[in-house]
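The values are calculated or read from the model by the stated rules, or taken from the named source; none is laboratory data. Note that the coordinates shown come from a computational prediction; the quantities given were computed from them, not determined experimentally. Here the Cβ positions follow ideal geometry from the backbone for every residue, glycine too, while neighbour counts run over all protein chains shown. Just the protein is used for accessible areas: all its heavy atoms, side chains included, with ligands, DNA and RNA removed. Shrake-Rupley method; radii C 1.70, N 1.55, O 1.52, S 1.80 Å.
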Amino acid sequence: MKQKIGFLMLVLTIGLIAPAVFAAAPGSGPMDAMRITNTWQTLAPNSSWWFYFDYTGDKSPIEVTLEDYRVPNVRLSIFTPDQARNWMQDPATPPIGIGTPPSDASAMRQYDLTWRGAFNFPGRFFVVVANDNPYAIQFRLNAKGEAVQLAPPPTVTPVPTPFFATPVPTGNLQGRLVLQESSGGNIYTVNGDGTNLKRITWGIDPSWSPDGKQIAFTRWGAQAGVYVANADGSNERALVGGMRQPLAPRWNPNGTKIAYTRQWGGSDTDSVFCLGRFCFTLPADPHWRLSTVDVNTQIVFDPRSSEHAFAPAWKNDNVTLVYADAGYGLMVTNIKGDPEWNIYKQNPVVQTPMYSPDGKMIAFTVRVHDHWDINVLDLTHGNVIPVTRPDPMAFRPTNNVSPVWSPDGKQILFLSDRNGKWEFFVANVDGTNLTQVLKRVSDTLALNYNFSNERMIDWLK
């Protein structure tokens, strides 16, 4: 009798497609489907993930969209509750819908695969993302519709505001900004007061040309390269392609060259070294080197740099470059072929350095114990000026990252999680006059920072 009851309970559980107590890996099937979060995720080679959404069955439109950097051999499939049950018995069960590339005339052409449909019955529906490539991909999945219900995200425990803390005022900036929502996600332009937020393309580490007419960015995957587009996103073109994982393109002050970093050499995977009966695992150590490309001739030149060179930025002489190497600190090189040299090694764990417009200072991010702060290196006097400092009244450490100078060199704009999510703040070089800016933008977009030398934003007058 007990065996029959147990069997009936198992059948009922499968029939309802409820989350299984004895589930396998998340996303491996309908019983372990994940909620759709509309965030960038990484899918392993030759694998697939199941996602779900709930629908009331009122025949209202459903839109499922997938962004994957235009990587080929990626599939998007839609399953009804009945089809999902059948799939568990026969994985060859076909889906009810397949995602397809939108037409050039479609309002959804910014996505790579889309599916539209509707149903006259309610239930839990499933979306399967499959990667048929021999390499991992990044993708973002979303489902929308008046009757589409996504599972609510986990409740976040609010961080209490320090009783004695001085509130940070809000304000506006002068000029225009280009920013990324996440590394490899959508790229937007916006006015300094937060108005006219406009998606122009997708990619990594956007940067203004000095005249404000163009934007440089990079991409990974099948379309890896350094790209340039007009400020409105039109006339997009690749300056350099056929490289591995390019990052952080920056225009020189006269607009003739772009510096960037890309993976070159080293080892991508762990290796095992044996000495007799004793074996040791050597961790992966990919190398990153600097390059520059001439915007007009597309001639590439490789300045001398260390093996872990990230986030290059030009000095106002159009010759000198500063970059970050977490093993050495702040490093400087040039396009004349001279050897690289170290200018700051007190705390080598640094990221995203940037020269001031007059070339006399360098703003950078530095790891301090359990958090990241913004400092400025005064090249004239050799002293370091803290722009951000830990708040002794805070209940948790605050991270301040990805600094960029104002066009007049008097302020520094940066990203901070001081309010529990990533938002933009600006301060004077000495840290005074701290102000939250672009709040309308950070309340609209889900900004994401991975502590990987990302250039989140660039400022143009």
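For the range 62-89, a residue qualifies if it is part of a loop (DSSP other than H, G, I, E, B) and not acidic (Asp, Glu), and the qualifying residues are Tyr69, Arg70, Val71, Pro72, Asn73, Thr80.
Could we say that Gly431 is under 26 Å from Ser209 (Cβ atoms) and in contact (Cβ under 8 Å) with a residue 40 or more places away in the chain here?
For Gly431, the condition - under 26 Å from Ser209 (Cβ atoms) and in contact (Cβ under 8 Å) with a residue 40 or more places away in the chain - is not met.
With the condition kept exactly as written, say whether any residue in the range 168-181 is more than 30 Å from Val293 (Cα to Cα), surrounded by fewer than 21 Cβ atoms within 10 Å (Cβ to Cβ), modelled with pLDDT under 95 and within 22 Å of the chain's Cα centre (by Cα). The answer is no; no qualifying residue exists. Of all residues in the range 38-61, those being surrounded by 13 or more Cβ atoms within 10 Å (Cβ to Cβ) and in a strand (DSSP E or B) number 12. Quick check, is Pro95 in contact with a helix residue (DSSP H, G or I) (Cβ under 7 Å, 6 or more places away or on another chain), assigned to a loop (DSSP other than H, G, I, E, B) and either at pLDDT 90 or above or open to solvent by less than 10 Å² (accessible area, probe 1.4 Å) (or both)? Answer is yes for this residue. Take the residues in the range 415-435 that are small (Gly, Ala, Ser) and more than 30 Å from Gln245 (Cβ to Cβ); name whichever of them is least open to solvent (accessible area, probe 1.4 Å). Top of the filtered list is Ala427.
Restricting attention to the range 194-203, the residues that are farther than 18 Å from Ser234 by Cβ and either among the small types (Gly, Ala, Ser) or without any contact (Cβ under 8 Å) to a residue 60 or more places away in the chain (or both) total 1. The residues listed here are Gly242, Gly185, Gly255, Gly212; of these, the one that is over 25 Å from Lys315 (Cβ atoms) and in contact (Cβ under 8 Å) with a residue 40 or more places away in the chain is Gly185. Restricting to the range 109-156, what's the tally of residues that are modelled with pLDDT of 85 or more, open to solvent by 20 Å² or more (accessible area, probe 1.4 Å) and basic (Lys, Arg)? Residues flagged as modelled with pLDDT of 85 or more, open to solvent by 20 Å² or more (accessible area, probe 1.4 Å) and basic (Lys, Arg) within the range 109-156 amount to 3. Of the strands (runs of 3 or more DSSP E) lying entirely inside the range 314-353, the ones with 3 or more residues being open to solvent by less than 20 Å² (accessible area, probe 1.4 Å) are found at 320-325, 329-334. Taken as a whole, the condition of being closer than 19 Å to Val350 by Cα, touching a residue at least 60 places away in the same chain (Cβ under 8 Å) and open to solvent by less than 10 Å² (accessible area, probe 1.4 Å) does not apply to Leu438. Applying the condition of being open to solvent by less than 80 Å² (accessible area, probe 1.4 Å) and among the β-branched types (Val, Ile, Thr) to the range 269-296 and asking which residue is farthest from Leu330 (Cα to Cα) yields Val295.
Just to be sure before I move on: is Asn448 open to solvent by 30 Å² or more (accessible area, probe 1.4 Å) and under 16 Å from the mean Cα position of the chain (by Cα) in the structure I sent?
Against the criterion (open to solvent by 30 Å² or more (accessible area, probe 1.4 Å) and under 16 Å from the mean Cα position of the chain (by Cα)), Asn448 qualifies.
The number of residues in the range 271-296 that are within 29 Å of Gly225 (Cβ to Cβ) and of a type in the set (A, V, I, L, M) comes to 4.
Close contacts from the range 58-87, counting a first residue that is among the aromatic types (Phe, Trp, Tyr) and a second that is in a helix (DSSP H, G or I), with Cβ to Cβ under 9 Å and a gap of 6+ residues or different chains, come to Tyr69/Gly221; Tyr69/Ala222; Tyr69/Gln223; Phe79/Pro30; Phe79/Asn86; Phe79/Trp87; Trp87/Pro30.
Pick from the range 221-239 the residues that are touching a Ser or Thr at 6+ places or on another chain (Cβ under 9 Å) and open to solvent by 10 Å² or more (accessible area, probe 1.4 Å): which of them is modelled with the lowest pLDDT? Let's see the steps before the verdict.
Narrowing the range 221-239 to residues touching a Ser or Thr at 6+ places or on another chain (Cβ under 9 Å): 224-229, 231-233, 236.
Checking the rest, the ones that are also open to solvent by 10 Å² or more (accessible area, probe 1.4 Å) come to 224, 227, 231-233, 236.
Details: Ala224: 88, Tyr227: 96, Ala231: 96, Asp232: 93, Gly233: 92, Glu236: 93.
By that ranking, first place goes to Ala224.
Just one of the numbered conditions (1) touching a Ser or Thr at 6+ places or on another chain (Cβ under 8 Å); (2) under 26 Å from Pro122 (Cβ atoms) is not true of Pro101: (2). Scanning the range 258-278 for residues that are within 19 Å of Val322 (Cβ to Cβ) and either in a loop (DSSP other than H, G, I, E, B) or free of Cβ contacts under 8 Å to residues at least 40 places away in the same chain (or both) yields a single hit, Arg262.
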